[in-house]
Amino acid sequence: MFVTTYIFLDHFPDSIPECSYLNAQNESLKQKTCLVVHVLNAKGIRDTRWASWCRKINSDMMRAVSPTLNCPILHLLQKCKTFNTLKQVHAQMITTGLILHTYPISRILLISSSLSPLPYTLAIFSRAPNPSIFLYNTLISRLTVNNQVKLALSLYDQMLADPNLRPNNYTYPSLFKAFAAQQWFKHGQALHVHILKFIYPLRDNFVQASLLNFYSRCGRVDIARYFFDQIMEPDLATWNSILSAYARNSSVSLSGDPRLLDENTSSSLEVLNLFGHMQKSGAEPSEVTLVAIITACAELGALGQGIWAHVYIIKNALSLNHYIGTALITLYTNCGRLGFASQLFYQLPHTDIFCFNAMIRGLAIHGRGCEALDLFETMKHKGLTPDNVTMLAVMCACSHVGLVDEGRRYFELMTSIYGLKPKIEHYCCLVDLLGRAGLVKEAEERILTIPMKPNAVLWRCLLGAARVHGDLETGEVALKKLVELEPETSGNYVLLSNMYSCKKKWDDAKRVRQLMKERGVEKMPGSSLVEVDGSMHEFLAGDKSHPRAREVYLKLEDMNAKLQEHGHRARTREVLFDIEEEEKEEALSYHSERLAIAFALIATDSCTPVRIIKNLRVCVDCHSSTKLLSRIYGREIIVRDRTRFHHFNNGSCSCLDYW
DNA sequence: CTAGGGTTAG
């Protein structure tokens, strides 16, 4: 028999009230019962600071009263490593009658679920006399771990059918975790109703965190946030859940729809914002926390904050595991520090497929296509099997350096050797690869024969290719599809309008612009961020709001004069509107990255590389003038645009003019 | 008392 005692700590916040515990202990020994102690805080919630103290007291008492806990057979059970030894111990449990008791059954269920065939484990359960909610919870959880979600659900159903049993706090977290992994949104909502019915008021951090996480994994960060705000005292795992929710949400649309860009940025900022609250609340960050922070920094390009997180890990002796490693590699490659990334990569004690994928992609977006392919070979040599993401990075590597045949070959190898089914992203990459190399017609044919419905990203790839190679006909086809799929996205109209302008079809350009106006589509302003002395400065095109705007514009005049001296002719074909050549030139020279570069040139040391983060793709004119500027001012200029990096050095760019 | 939640690449 158990007697549960709750000790309130409201008047003794920092020390265990030994006397009340001892009184209760004497009482329970007299009655030969087992005392179970919990320490509660002033709000009546279990105080986790005393959890290990309680565990020790409780297990001491348990041993004194209940001999089955110290039973040698259970010790043997713990040591089982194979199905055969498990069967022997199981036999002993049956002959000794141990198998009739809840606790030993729960132990053997745990071990059996990882060693035995499924029916064996289920048989053990089905022979349990009057299985308790505890046994149901144990088995449900093991089934979800072994990916038997449907079985777990039917067990849950069976339990509901028993009028003596009601689900409790322990029933739901594993089920929601499994639903989250399967993205079963509807089923999850249905199960959520059960929580409302059976667990009220909902005050358990585990259940709330599992709900939060379920909704966030189904892409509903808004609902996740709602649940987070309901939680009175978030613990570490709860904080980690909400931080990861926003961090994950921040990179859903890499190289995709530019409209989602702002959403990504604000998600990442929210990670940092929430982290501030977390620190104020006194919760100690763990590795999981830092993965979320670093992921957010990688998305924002906030190198300074990211390095702070890296230093935090080292200072606080957190482990540099492969989760952290992958996140840091992504951070450094996204912030243009390819050297840091590869240094870290080679220092990691254990590199898995995630680390390799991050590093291969890192090399690819910096235009180090051949090194990316070498690393791919190393990875295969290590016995790691490439997956969808690896192949995407590999094809991306080929695309960025114009290795068309290799890219095509890898695409074929995907299915023939690695047994991977190309997803729409792979087709995008292939179209990109072909398009950039000038094989616009082949790219278009590919799109028409793919086994799924082409999405906007795919058409945008084709449109980009058509634009670079001036293929108006294909561009029009692509744009028609794009406007159907995304009538709100300004970039689509801008691209087509630019194409018409370039062919001097001013009327058509005007028509597109008019269409955009009629539909009320706002043009997305180009913005460039530049980090100077650890803080970020943002410039928009023609922006005069910066405190040092006067100096910046003076520098810009100097830059433009020098550019002309060095024979730069403005590539006006990218200017949207039907305006005079001279005005166009002026519009170009006030592009946001030109302002950012001007500012960096006056505000930083002459040997510091200039690092710019753009929200859109680099335009042709900026690309060629930045190349020239890197030579004129003898500065390395590193620009991160929407999809890749451009390292401008001494008059040339790492992208070799493919982008 | 034994059962439960949080991490990485696109």
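The values are calculated or read from the model by the stated rules, or taken from the named source; none is laboratory data. As the structure is a prediction and not an experimental result, all values here were calculated from the model. Virtual Cβ from ideal backbone geometry, glycine too; neighbours counted across all protein chains shown. Heads up: the accessible areas ignore ligands, DNA and RNA and are worked out on the full protein's heavy atoms, side chains in. Shrake-Rupley method; radii C 1.70, N 1.55, O 1.52, S 1.80 Å.
Across the range A:155-164, which residue is farthest from DNA strand B (Cβ to nearest atom) among those that are among the aliphatic types (A, V, I, L, M) and surrounded by 18 or more Cβ atoms within 10 Å (Cβ to Cβ)? Ranking the qualifying residues of the range A:155-164, first place goes to A:155. For residue A:437, the test of being away from DNA strand B (no atom under 15 Å from the Cβ) and either closer than 30 Å to residue A:649 by Cα or of a type in the set (S, T, N, Q) (or both) is passed.
Could you list all residues from the range A:88-103 that are under 12 Å from residue A:76 (Cβ atoms) and either touching a residue at least 40 places away in the same chain (Cβ under 8 Å) or not polar (S, T, N, Q) (or both)? Talk me through it step by step, then tell me what you get.
Our first condition is that a residue be under 12 Å from residue A:76 (Cβ atoms); within the range A:88-103, this holds for A:88-93, A:96, A:98.
Listed by number, the residues that qualify are A:89, A:90, A:91, A:93, A:98.
Filtered by the rule that a residue be over 33 Å from the mean Cα position of the chain (by Cα) and crowded, with 19+ Cβ neighbours inside 10 Å, the range A:592-616 gives A:598, A:601.
Taken over the range A:532-568, the residue count meeting the criterion of being acidic (Asp, Glu), open to solvent by 60 Å² or more (accessible area, probe 1.4 Å) and at pLDDT 80 or above is 4.
With respect to the conditions (1) within 27 Å of the chain's Cα centre (by Cα); (2) surrounded by fewer than 21 Cβ atoms within 10 Å (Cβ to Cβ), residue A:430 lacks only one, and its number is (2).
A single entry from A:444, A:473, A:377, A:486 fulfils the requirement of being outside the structural domain of residue A:502 (by TED's automatic domain parsing) and more than 14 Å from DNA strand B (Cβ to nearest atom): A:377.
Out of A:390, A:415, A:385, report the one residue that is surrounded by 15 or more Cβ atoms within 10 Å (Cβ to Cβ) and at negative phi. Even if it seems obvious, please write down each step before you answer.
Numbers: A:415 fails: surrounded by 15 or more Cβ atoms within 10 Å (Cβ to Cβ); A:385 fails: surrounded by 15 or more Cβ atoms within 10 Å (Cβ to Cβ).
None of the others qualify; the one that does is A:390.
Go through the range A:488-502 and give me each residue that's part of a loop (DSSP other than H, G, I, E, B) and surrounded by 13 or more Cβ atoms within 10 Å (Cβ to Cβ). A:489, the sole residue that qualifies. State whether the residues of the range A:357-365 include one that is on the phi < 0 side of the Ramachandran plot, open to solvent by 40 Å² or more (accessible area, probe 1.4 Å) and within 14 Å of DNA strand B (Cβ to nearest atom). Yes - at least one qualifying residue is present in the range A:357-365.
Per-residue answers, yes or no, for (1) away from DNA strand B (no atom under 14 Å from the Cβ); (2) touching a residue at least 60 places away in the same chain (Cβ under 8 Å); (3) out of contact with any Pro (no Cβ under 8 Å at 6 or more places or on another chain); (4) open to solvent by less than 10 Å² (accessible area, probe 1.4 Å):
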| site | (1), (2), (3), (4) |
| --- | --- |
| A:277 | yes, no, yes, no |
| A:285 | no, no, yes, no |
| A:296 | no, no, yes, yes |
| A:304 | yes, yes, yes, no |
| A:308 | yes, no, yes, no |
| A:313 | no, no, yes, yes |
| A:347 | yes, no, yes, no |
| A:370 | yes, no, yes, no |
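When A:628, A:588, A:576, A:616 are screened for being at pLDDT 85 or above and outside the structural domain of residue A:492 (by TED's automatic domain parsing), only A:628 passes.
May I ask you to list the residues in the range A:165-204 that are β-branched (Val, Ile, Thr) and surrounded by fewer than 19 Cβ atoms within 10 Å (Cβ to Cβ)?
Residues satisfying the conditions are A:193, A:199.
Scanning the range A:463-496 for residues that are within 17 Å of residue A:436 (Cβ to Cβ) and of a type in the set (S, T, N, Q) yields a single hit, A:474. Looking at the structure I just gave you, is residue A:204 of a type in the set (D, E, K, R), within 12 Å of DNA strand B (Cβ to nearest atom) and farther than 24 Å from residue A:272 by Cβ? Here the answer is yes, as residue A:204 does meet what is asked. Residues in the range A:165-187 that are in a helix (DSSP H, G or I) and more than 13 Å from DNA strand B (Cβ to nearest atom): A:185, A:186, A:187. Say whether the condition of being within 12 Å of DNA strand B (Cβ to nearest atom) and more than 19 Å from residue A:281 (Cα to Cα) is met by at least one residue in the range A:225-235. There is no residue in the range A:225-235 that is within 12 Å of DNA strand B (Cβ to nearest atom) and more than 19 Å from residue A:281 (Cα to Cα). Select from the range A:322-338 the residues that are open to solvent by 50 Å² or more (accessible area, probe 1.4 Å) and out of contact with any Cys (no Cβ under 6 Å at 6 or more places or on another chain) and write down the one among them that is nearest to DNA strand B (Cβ to nearest atom). My answer is A:323.
Screening A:242, A:231 for residues that are buried (at least 22 other Cβ atoms within 10 Å of the Cβ) and modelled with pLDDT of 70 or more leaves exactly one candidate, A:242. In the range A:384-478, counting only helices (runs of 4 or more DSSP H) that sit wholly within it, the ones holding 2 or more residues that are more than 17 Å from residue A:372 (Cβ to Cβ) and touching a residue at least 60 places away in the same chain (Cβ under 8 Å) span A:456-468. In summary, residue A:180 fulfils each of the numbered conditions (1) modelled with pLDDT under 95; (2) in contact with a Gly (Cβ under 8 Å, 6 or more places away or on another chain) with the single exception of condition (1). Each residue in the range A:97-154 was checked for being within 35 Å of the chain's Cα centre (by Cα), of a type in the set (Lys, Arg) and away from DNA strand B (no atom under 11 Å from the Cβ), and 1 pass.
Each residue in the range A:205-223 was checked for being open to solvent by 20 Å² or more (accessible area, probe 1.4 Å) and assigned to a helix (DSSP H, G or I), and 6 pass.
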